[in-house]
Amino acid sequence: MSEGQIRQSLSGFYDVFSDGELYRTRARGNFRKRRITPLVGDRVQFESSTLKEGYILEILPRDNALTRPPVANVDQGVVVTAVASPEFSTNLLDRQLIALEVSHITPVIYFTKTDLISDERYQEFETLAAGYRQIGYDVCLTREPFAQSGLDDLRKLLANKVTVIMGQTGAGKSTLLNHISPDLTLATGEISTALNRGRHTTRKVSLMPVADGLVADTPGFSSYDTLTIDYRELGQYFPEFALASRDCRFRGCVHVNEPGCAVKAGIAAGDFMQSRYDNYLLLLTLLKNQKPIYNKKK
């Protein structure tokens, strides 16, 4: 029995990397009975008679896992965010950051398509980027799209880590990866101007060696599935609010109507981004109103 890492999944087959070799495997039937699906990034125990015939016997404990994209044991997520075409949304960006925070994955923000906006609009994004950096997020923003300085910064972040490249369809994920590692030559698609949404260009999930790390290029999407966390937990996934909440008068403060709320005081003083608080309130209302999901598969 050997140990390795799933590097690719396609049509029921799992390519496992172990000791410098790639083994084509299937999952044992008892995985389906136990409602367990192997994911790219899983560390597994497997047996194989040849490089093209093998079986996964056990999935080792995961550090984390995402469902969109279906990847496990991720160190960081690069949220590729277009400043235009498709239209930029702080709400979508914050939802993406929260999805990573919930899964204990370190977020990185990379802004693309900066050549499509005016200098005045770019200054607004510089202010926005500064706000996210103040929270503690790594942010890549350059006036020229895919400038060498921004690419070099990202390469340093990718080294020795498992990274998922994620973001809205049409934001430029594949184009970004092609600039970082030109030998990948990933397919890129054009934006549908009628729907202001991109056509899907990525067909499978796989971990690729890029910049001395492993990167998953994954299918794009326009929005995230509804969050399933308790609304009272939402504040802990906004790092700046979580830190400030230690000074709230009441334990369990949700930062809406409570007196002595340090988060609201910070907003009034201009210490926090107004857009972050507005998006927090929208998501809080959504979570409070959503119906509970029973018998949810784990």
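Residues that are among the aromatic types (Phe, Trp, Tyr) and assigned to a loop (DSSP other than H, G, I, E, B) were ranked within the stretch 237-252; the one that is nearest to residue 272 (Cα to Cα) is 238. Considered as a group, the residues in the stretch 257-298 that are basic (Lys, Arg) and either at pLDDT 95 or above or not in a loop (DSSP other than H, G, I, E, B) (or both) include one that is most open to solvent (accessible area, probe 1.4 Å), and that residue is 288.
Output yes when any residue across the stretch 108-116 is open to solvent by 50 Å² or more (accessible area, probe 1.4 Å), of a type in the set (Lys, Arg) and touching a residue at least 40 places away in the same chain (Cβ under 8 Å), and no when none is. Within the stretch 108-116 (the criterion being open to solvent by 50 Å² or more (accessible area, probe 1.4 Å), of a type in the set (Lys, Arg) and touching a residue at least 40 places away in the same chain (Cβ under 8 Å)), the answer is no, since none of the residues qualifies. Taken as a whole, the condition of being of a type in the set (Lys, Arg) and at pLDDT 95 or above applies to residue 121.
Taking residues in the stretch 63-78 that are within 11 Å of residue 106 (Cα to Cα), and partners anywhere that are in a strand (DSSP E or B) and among the aromatic types (Phe, Trp, Tyr), the pairs with Cβ atoms closer than 6 Å and at least 6 places apart or on different chains are 78/110. When 13, 17 are screened for being open to solvent by 60 Å² or more (accessible area, probe 1.4 Å) and under 24 Å from the mean Cα position of the chain (by Cα), only 17 passes.
Just name the residue that is surrounded by the most Cβ atoms within 10 Å (Cβ to Cβ) out of those in the stretch 129-147 that are touching a helix residue (DSSP H, G or I) at 6+ places or on another chain (Cβ under 9 Å) and part of a helix (DSSP H, G or I). Among those residues, the one meeting the criterion is 132.
Looking at the stretch 29-54 only, could you name the residues that are buried (at least 17 other Cβ atoms within 10 Å of the Cβ), among the basic types (Lys, Arg) and out of contact with any Lys or Arg (no Cβ under 9 Å at 6 or more places or on another chain)? Answer for the stretch 29-54, where residues must be buried (at least 17 other Cβ atoms within 10 Å of the Cβ), among the basic types (Lys, Arg) and out of contact with any Lys or Arg (no Cβ under 9 Å at 6 or more places or on another chain): there is none. Count of the stretch 41-74 residues, restricted to those that are modelled with pLDDT of 95 or more and over 27 Å from residue 1 (Cα atoms), is 0.
Contact map, the stretch 148-177: residues that are crowded, with 22+ Cβ neighbours inside 10 Å paired with residues that are part of a helix (DSSP H, G or I), Cβ distance under 6 Å, separation 6+ or inter-chain. Pairs shown: 165/173; 167/173; 177/184. Of all the residues in the stretch 181-214, those that are over 17 Å from the mean Cα position of the chain (by Cα), in a loop (DSSP other than H, G, I, E, B) and either modelled with pLDDT of 75 or more or of a type in the set (Val, Ile, Thr) (or both) number 7.
Does any residue of the stretch 40-62 turn out to be within 25 Å of residue 283 (Cβ to Cβ) and β-branched (Val, Ile, Thr)? No: zero hits. Checked against (1) in a loop (DSSP other than H, G, I, E, B); (2) modelled with pLDDT under 90, residue 178 passes all but a single condition, namely (1).
The values are calculated or read from the model by the stated rules, or taken from the named source; none is laboratory data. A quick note: this is a predicted structure, and the numbers were derived from the prediction, not measured. Note: ideal-geometry Cβ built from the backbone for every residue, glycine included; neighbour counts use all protein chains shown. Calculation scope for accessible area: heavy atoms of the full protein, side chains included, ligands and nucleic acids excluded. Shrake-Rupley method; radii C 1.70, N 1.55, O 1.52, S 1.80 Å.
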